[in-house]
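Q: The structure follows.
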Amino acid sequence: MSVQDASAGKAGPVGGRHAYGDGVPTPWAEFGAQLRYCRRRLQLTQRQLGRLVGYHHSLISKWESGTREPTAGVVSGLERVLNAQGVLSPLAGAGDERGCWPPTFRGAAFSGPLPGGGEQRLLVPDRVVDHWPEWLDADGCALHAGDHGCAVPPFGDLVLLPDRLRQARVTAAPAVAEADLVHLVLALLDRCEHSALRSTSTTVLGAVEQVLRSLAAWAEAADVAQGPPLVLMRIAARYAQLAGRLRMQRGQGALAMAWVAHGLRWAEAAGDTITRVTLTTDLCTLARLDGDGPSALGYAQALAGLGAGGGWIATLAHMYLARGYAATGDGAECRRRASLSRSGLDGLGGRDLAQAPWLADGQGQLRVESAVAGGLRDLAVLTGDRATARGAARAAVLALEQVPAGMLPTRLLLTLRLADCHAGAGELDAALELAAPVVEQAVAARRRTISHELAGLHGHLTGTWGGLREVRDFQERIRAARADAGA
């Protein structure tokens with residue numbers, strides 16, 4: 001078998017030991033030829049393989065040509081992604097400088113115990129069919145991101161999704177062999193995320209958790225058969241994040257934390273830094289909602305460790321550190337981190353925004369100013385400083401100006417936050433004018449984050465102006481709204 005035949009993908013694996021190219025020594029020449037064969041056997045381009053293992057396609061080309069030596073960890077990752085069954089590692093020599101190969105993730109517990117369960121068939125809320133995509137967004141496919149557009153199976157195929165996921169688990173199929181199934185799962189995730197952003201309902205949770213449990217079972221079977229399935233782990237981590245957020249919004253903090261913990265493990269094993277970062281921000285939020293300021297600060301500090309090199313992760317860390325320091329009463333550090341988050345956002349470049357597109361343009365300002373408003377408001381509550389509350393109000397106004405049409409949960413939350421800022425600044429009329437029109441919607445939403453804002457505002461108004469008629473009227477409206485909502 002010649003190297004040329006193998007690299008063309010026309011026959012079986014490469015055998016023999018020989019030089020590849022001008023003066024390229026073995027074993028890297030033979031390793032490169034075998035790598036090319038394994039890649040083409042799965043019908044992957046160099047760009048696609050690079051996305052799967054987290055390296056640029058130009059480096060894949062150098063490995064295949066034998067002009068660059070991959071590290072032991074890279075070889076182990078390539079083995080797993082390509083289901084190479086141990087043929088690459090021996091060709092790479094005796095391992096790294098320490099003479100050993102790093103351990104794999106084989107045997108990792110992908111499932112059990114997982115929250116949810118008991119579903120017999122996939123119950124997809126009607127709103128998920130709205131704007132069902134024909135194609136995944138650019139970079140939206142874990143298999144083919146950045147290489148070509150990925151067609152999405154029709155919405156009607158969702159009825160087959162549980163059976164198809166079950167069959168994939170039974171056969172322990174690699175993700176690359178089930179591209180249409182992967183596209184269907186990703187399209188459903190996209191629609192469920194869209195619903196969670198624009199509706200106060202959390203009814204998509206059932207579908208999210210059912211698919212997530214099936215993904216975990218499939219990943220576990222694939223892991224036993226051929227090694228860690230990185231694509232499935234990345235998708236499962238994203239599903240776990242959405243499930244955790246939906247559980248959090250239902251006020252089920254323990255179940256939310258369970259999903260976040262699973263998601264973090266899967267994201268770390270798959271090398272998915274982006275999802276690890278965003279899951280860590282969820283830990284900050286969960287701790288803050290539970291009134292645990294030190295834990296919120298500790299998680300934010302862990303987040304800062306992931307972004308030690310600056311960029312978008314550092315900007316995100318400054319946002320959550322501002323809130324963490326506020327919750328622990330450190331005003332100077334809260335303000336410093338707020339300023340750093342703003343300057344960090346202004347300094348983000350194309351590479352940062354490609355990894356975190358939700359920090360681009362107005363969406364970035366929305367997130368930063370919302371965090372600054374929350375941190376300064378929390379600090380004002382602790383200190384009673386009205387100037388700090390007015391600074392929080394200015395940030396909340398800037399955030400509200402950037403809320404897209406249709407994002408009702410975010411608008412409700414920020415409206416209540418702004419009202420609370422006005423209350424902290426001693427501006428009762430402005431606070432009531434903002435909050436009164438949204439009381440019924442806020443109560444009916446039954447979202448933990450929104451309820452938390454409303455409870456804070458209610459306590460602030462009652463503690464300062466509880467004897468005034470207009471405040472008593474506001475309290476009565478909240479009671480009536482809770483009665484109507486059965487809360």
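Q: By how many nm would the segment from residue 225 to residue 123 lengthen if fully extended, with 0.36 nm per residue of separation less the alpha-carbon distance?
A: Extra length from residue 225 to residue 123 when fully extended: 33.7 nm.
Q: Next question, about the same structure. Given 31, 430, 289, which one lies farthest toward the positive end of the charge dipole of the chain, if we put +1 on the Cβ of every Lys and Arg and -1 on the Cβ of every Asp and Glu?
A: 31
Q: In µm²/s, what is D for the range 359-483 at 20 °C and 1.002 mPa s, where D = kT/(6 pi eta Rh) by Stokes-Einstein and Rh is the Kirkwood radius from Cα pairs?
A: D, rounded to a whole number, is 149 µm²/s.
Q: When the chain is fully extended, how far beyond the present Cα-Cα distance does residue 475 get from residue 134, taking 0.36 nm per residue of separation?
A: Stretched out fully, the residue 475 to residue 134 stretch lengthens by 118.0 nm.
Q: Further question on the same structure: Mind pulling the angle between the C-alpha long axis of helix 253-269 and the longest principal axis of the chain? Nearest 10 degrees, somewhere in 0 to 90.
A: Once rounded, one gets 30 degrees.
Q: Could you tell me the calculated FRET efficiency between residue 360 and residue 179, based on Cβ-Cβ distance and R0 = 41 angstrom, to the nearest 0.05?
A: E(calc), rounded to 0.05, equals 0.90.
Q: Still on this structure, please answer the following. Would you mind computing, in nm to one decimal, how far apart the modelled labels at residue 397 and residue 351 are, each placed 7 Å from Cα along Cα→Cβ?
A: 3.8
Q: Here are labelled values, [x] 24.4, 80; [y] 23.2, 70; [z] 25.7, 90, and one is the computed Rg and Dmax of the Cα atoms in Å for what I pasted. Which one?
A: Given [x] 24.4, 80; [y] 23.2, 70; [z] 25.7, 90, the calculated one carries the label [z].
Q: Just grab the label-to-label distance for residue 56 and residue 339, each label 7 Å out from Cα along the Cβ direction, in nm (one decimal).
A: Those two pseudo-labels are separated by 3.6 nm.
Q: Let me ask something else. Would you compute, from DSSP H runs of 4+ residues alone, the mean residue ellipticity of the chain at 222 nm, taking -39500 (n - 2.57) per run and dividing by the full residue count, rounded to the nearest 500?
A: So the calculated ellipticity at 222 nm is -21000 deg cm²/dmol.
Q: Distance from the Cα centre of the range 374-412 to that of the range 307-323, in angstrom?
A: The range 374-412 and the range 307-323 have Cα centres spaced 19 Å from each other.
Q: Now for a separate question. Pop out the ³J(HN,Hα) list for the range 431-442 in order, Karplus 6.51 cos²θ - 1.76 cosθ + 1.60 with θ = phi - 60°, rounded to Hz; leave Gly and Pro as x.
A: Working through the residues one at a time gives 5, 5, 4, 6, 7, 4, x, 10, 4, 4, 5, 5 Hz.
Q: Please give, to one decimal in nm, the separation of the simple spin-label points placed at residue 261 and residue 383, each 7 Å out from Cα toward the Cβ.
A: Spacing of the two 7 Å Cα→Cβ label points: 3.7 nm.
Q: If you don't mind, there's one more thing I want to ask. Which residue, 450, 49, 70, has the largest displacement toward the positive end of the dipole of the chain when charges sit on each Cβ (Lys, Arg +1; Asp, Glu -1)?
A: Farthest along the dipole direction, towards plus: 70.
Q: Mind checking which of 321, 273, 221 is farthest towards the positive end of the chain's charge dipole, using Cβ charges of +1 (Lys, Arg) and -1 (Asp, Glu) about the Cα centre?
A: Looking along the dipole axis, the top candidate is 221.
Q: With charges only on Cβ, +1 for K and R and -1 for D and E, what is the dipole size of the range 122-271 about its Cα centre, in debye, rounded to 20?
A: 600
Q: Once phi is turned into θ = phi - 60°, what whole-Hz ³J(HN,Hα) does the Karplus curve with 6.51, -1.76 and 1.60 give for every residue of the range 38-55, x standing for Gly and Pro?
A: 4, 5, 6, 4, 8, 6, 9, 7, 4, 5, 5, 5, x, 5, 5, 9, x, 10
Q: Moving to a separate point now. Two decimals is fine: what's Rg over Rh for the range 122-271, C-alpha atoms, Kirkwood radius as Rh?
A: Rg/Rh: 0.94.
Q: Still on this structure, I have one more. Amide H neighbours of residue 135 under 5 Å, counting only residues 5+ apart in sequence or on other chains, H built in-plane at 1.01 Å?
A: 152
Q: Can you run phi through the Karplus equation (6.51, -1.76, 1.60; θ = phi - 60°) for the range 201-211 and list ³J(HN,Hα) in whole Hz, with x for Gly and Pro?
A: Whole-Hz 3J(HN,Hα) from phi for the range 201-211: 6, 10, 6, 6, 4, x, 5, 4, 5, 5, 5.
Q: Still on this structure, I have one more. Which FRET efficiency value, to the nearest 0.05, is calculated for residue 68 and residue 157 with the Förster distance at 41 angstrom and r the Cβ-Cβ distance?
A: 0.45
Q: A follow-up question, please. Helix 361-383 versus the longest principal axis of the chain: what is the Cα-based angle in degrees, 0 to 90, to the nearest 10?
A: The two axes meet at around 50 degrees.
Q: By how many degrees, between 0 and 90 and to the nearest 10, does the Cα long axis of helix 179-198 differ from the longest principal axis of the chain?
A: Helix 179-198 sits at roughly 10 degrees to that axis.
Q: Calculate the dipole size of the chain relative to its Cα centre from +1 charges on Lys and Arg beta carbons and -1 charges on Asp and Glu beta carbons; express the result in debye to the nearest 20.
A: In debye, rounded to 20, the chain gives about 420.
Every read-out reported here was derived from the displayed coordinates using simple, explicitly stated rules and does not represent laboratory data. Owing to the predicted nature of the structure, the values given are computational and were not obtained by experimental measurement. With ideal geometry, Cβ positions are generated from the backbone for all residues, glycine too; neighbour counts draw on all protein chains shown.
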